[in-house]
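In what follows, a structure is listed as structure tokens, so that the remarks can point back to it.
Nothing in this text is a laboratory measurement; each read-out follows from the coordinates by a stated rule. Owing to the predicted nature of the structure, the values given are computational and were not obtained by experimental measurement. Note that we place each Cβ from the backbone using ideal geometry, even for glycine, and neighbour counts take in every protein chain shown.
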Amino acid sequence: MAVIAVALAGRPYRVVIEEGVLGRLAEAAAPFLSGYGAGRPVPFVADTNTHRIFAAGIDTQLAAAGLAAEWFVVAPGEDAKSWAVLEKLCDWLLALGVTRKDHVFALGGGVVGDLVGFACAVVKRGCGFVQLPTTLLAQVDSSVGGKTAINTAAGKNLIGAFHQPAQVLIDPLVLASLPEREMRAGYAEVLKYGLLGDAAFFAWLEASGNKVLAREPQALEQAIATSVAMKARIVAEDERETEDRRALLNLGHTFGHALEAETGFSDRLLHGEAVALGMVLAARYSARRGELAVADAARAATAIAAAGLPSELRGLGLACDGASLVEHMRHDKKAEATTLPFLLLRGLGEAYVARDVDLGDIAAFLDAELAA
Ligand code: GLY
């Protein structure tokens, strides 16, 4: 078991990582359930998968504690992060009589967490919520740090708010039902922490990543706890990404976002897979600039390939050139008027924000990678 504090002034919260914690939710989340009972149900939001797998157990536990859950269930997938679903969710919360002191429970992956977090940021100008992440990606990344959002026709996550959860309960056991491909995609974000800021963690993942992917309990908990501890530290230092600290968490994301856009944000390339390949490209581009040893860029690519994640751009079979990938990058929400910050590496475990990157050079680099 690990308990990690997110030390935000005035709004500190705890991330509890514990096998089986979802099975004792009524006790673990007791401070956030105190306003319910006596005819007031606890609002839970899930997708059809997490509802099918976990709702009955949660209903039983709450009943034993004299409480009842009321469920709002969305279809799995990014489509749930829409204005239409947000409106229905907010109306549902208002109809339930949710107050600013109440907490809404988000049971699912990043989609459910982002949607619920944003609804809770705006309902009555802000009510509480508890994150119960059920994918590795949500456990190590999206459930911690308070980034909440929906998608619009103009792009992903362009409408949102910073709204921190009151608590995050991470149960590694729930990953037993996670499809293999999603497990690997989440693991890309674990590797990201090693590459961006912890060379020893990266080396440990090189040696033990197979145990994490096999969901061996000790290795899995260590990987989640190390990742969350780094994220908590970075979020506490730069909650709103106004310094160059939180931006480090975007390692692999600028290249990755362009690849997701080129593949239509579809199942052809999951977010974590795009980030994985994006990190390989960031490492190779850093080597091209002479800032990272070529051997270290190769180590990053090897660790990513060893996890069954995409590590070669030409392997995607894209019918595009470097310039069109750069065009996608210009729509990234981190893009500024004339430039785009790139997360690059000075060493394994040493990411930094480069603001002097020439987009023409990026296009030429990508052309070479597409042809390699
Ligand atoms: N996923 C990046 C962040 O939370 O800042």
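Quick notes on this structure:
- For the chain, the longest principal axis of the Cα atoms and the long axis of helix 217-237 meet at an angle of about 80 degrees.
- Only Cα pairs under 8 Å and 6+ residues apart enter the sum, and on that basis the relative contact order of the stretch 1-156 stands at 21 percent.
- Using equal-weight Cα scatterers in the Debye expression, the normalised intensity of the stretch 1-79 in log10 at q = 0.10, 0.18, 0.23, 0.24 Å⁻¹ is -0.30, -0.90, -1.14, -1.16.
- Charging the Cβ of each Asp and Glu at -1 and of each Lys and Arg at +1, and nothing else, the dipole of the chain about its Cα centre rounds to 800 debye.
- Cβ-to-Cβ counts within 10 Å put H328, H253 in ascending order as H328, H253, the fewest first.
- Globularity ratio of the chain, using Cα Rg and 2.2 N^0.38 Å: 0.98
- Listed values for the stretch 89-102 are Karplus-derived 3J(HN,Hα) couplings in whole Hz (6.51 cos²θ - 1.76 cosθ + 1.60, θ = phi - 60°), namely 5, 4, 4, 5, 5, 5, 5, 6, x, 4, 9, 5, 8, 7, and x replaces Gly and Pro.
- Cα-centred dipole magnitude for the stretch 248-298, charges only on beta-carbon of K, R (+1) and D, E (-1), debye, nearest 20: 200 debye
- Span from the the stretch 175-252 Cα centroid across to the the stretch 1-44 one, whole angstrom: 22 Å
- Among G256, A371, A305 the positive-end extreme of the charge dipole of the stretch 222-372 (Cβ point charges): A305
- Between 0 and 90°, nearest 10: helix 253-262 axis offset from the chain longest Cα axis: 90 degrees
- In this structure the amide hydrogen of V104, modeled in the peptide plane, comes within under 5 Å of the amide hydrogens of G128, F129, V130, none closer than 5 places in sequence on its chain.
- Axis of helix 294-306 versus longest Cα principal axis of the chain: the two differ by about 40°, to the nearest ten degrees.
- Solvent-free Debye scattering, log10 I(q)/I(0), computed from the Cα coordinates of the stretch 155-298 at q = 0.15 Å⁻¹: -0.89
- Packing rank of 88-94, 98-104, where each peptide gets the mean count of other beta carbons within 10 Å, highest leading: 98-104, 88-94
- Simple point charges give the picture: +1 on the Cβ of Lys and Arg, -1 on the Cβ of Asp and Glu, and for the stretch 271-372 a dipole about the Cα centre of about 200 debye.
- More than 23 angstrom apart: percent of Cα pairs within the stretch 275-366: 23 percent
- Take 43-51, 13-21, 341-349, 279-287 and order them by the average number of nearby Cβ atoms within 10 Å per residue, most first; the result is 279-287, 43-51, 341-349, 13-21.
- For the chain, the relative contact order comes to 14 percent (Cα pairs under 8 Å, sequence separation of at least 6).
- Residue with peak Gaussian network fluctuation, the chain [Cα springs, cutoff 10 Å], from L107, L359, L196: L359
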